[in-house]
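Accompanying notes for the structure given below.
Values quoted throughout were computed directly from the atomic coordinates according to the rules given, and no laboratory measurement underlies them. Only a predicted model underlies this, so the values are computations on that prediction, with no experimental measurement involved. Backbone-built Cβ (ideal geometry, glycine too); neighbour counts: all protein chains shown.
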């Protein structure tokens, strides 16, 4: 398949999705989420969509601030799992409720010799990524590039859907559904400690988003959230600190880090007893 490749990454690169896709229910691993966003960032949402998208490991490493070796590993893992990942859309309620499941991609291949993943978004997903003129959520890719939790990625997108108002009301069952938590974290304390609080804190620390959460009760039980948010005062500083270098500089730093790891490993090996030393 012929596909356009990502050119040198810039801090102006944006991710744009239709709001229905942002609101849908799905759960991706961190690596899958990163790969999907790197691919979506290549798409001009106003134009027809290319047949395939190709993400290079060197670009992936630069975007997410990791070494090329880590990028290769994450992309291989994501390519293996992404083909079976689904998006669930629930329409209506009661007897009229309909559940629709669609795949993210219809093809996904890790090209080992070239260090890239080539993927083809499914026909069902493509309309939510291209030829978009309204009802969209758009944000700079650098804002989520340093996030380490898939829940943080999703919460950031949910908030960006309402960036014009700076707040959103969401019932807990709606949050669980969007994050595709299934039977996990049914108790509110677990949901707050394992999902909500860590995601909010990570957005504050790494995405330059000040988020405040009000927990809304019905009787004694918490049933909903009201999240208010604003960009951090030092957002520009965070942007420069998080994505300041050229691709070449980032790659040189990453390679230097890998060289240090190899030297440390070699030194440990030198200190270990050899088989011939033990057995003469």
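Numbers at a glance
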| item | result |
| --- | --- |
| Rounded Å value of the spacing that divides the Cα centres of segment 37-52 and segment 126-195 | 21 |
| Relative exposure of 234, 140, judged by other C-beta atoms within 10 Å (fewest first) | 234, 140 |
| Cα-based Rg of segment 1-145 normalised by 2.2 N^0.38 Å, two decimals | 1.05 |
| Residue exposure sequence - 162, 153, 121, 215 - by fewest surrounding Cβ within 10 Å | 215, 162, 153, 121 |
| Surface/4 of the Cα convex hull for segment 149-232, nm² | 5.1 |
| Spin-label pair residue 165/residue 112, simplified geometry with 7 Å Cα→Cβ offset, distance in nm | 5.1 |
| Efficiency of FRET between residue 212 and residue 29 - r from beta-carbon atoms, R0 30 angstrom, step 0.05 | 0.55 |
| Cβ-based exposure ranking for 206, 163, in which fewest neighbours within 10 Å come first | 163, 206 |
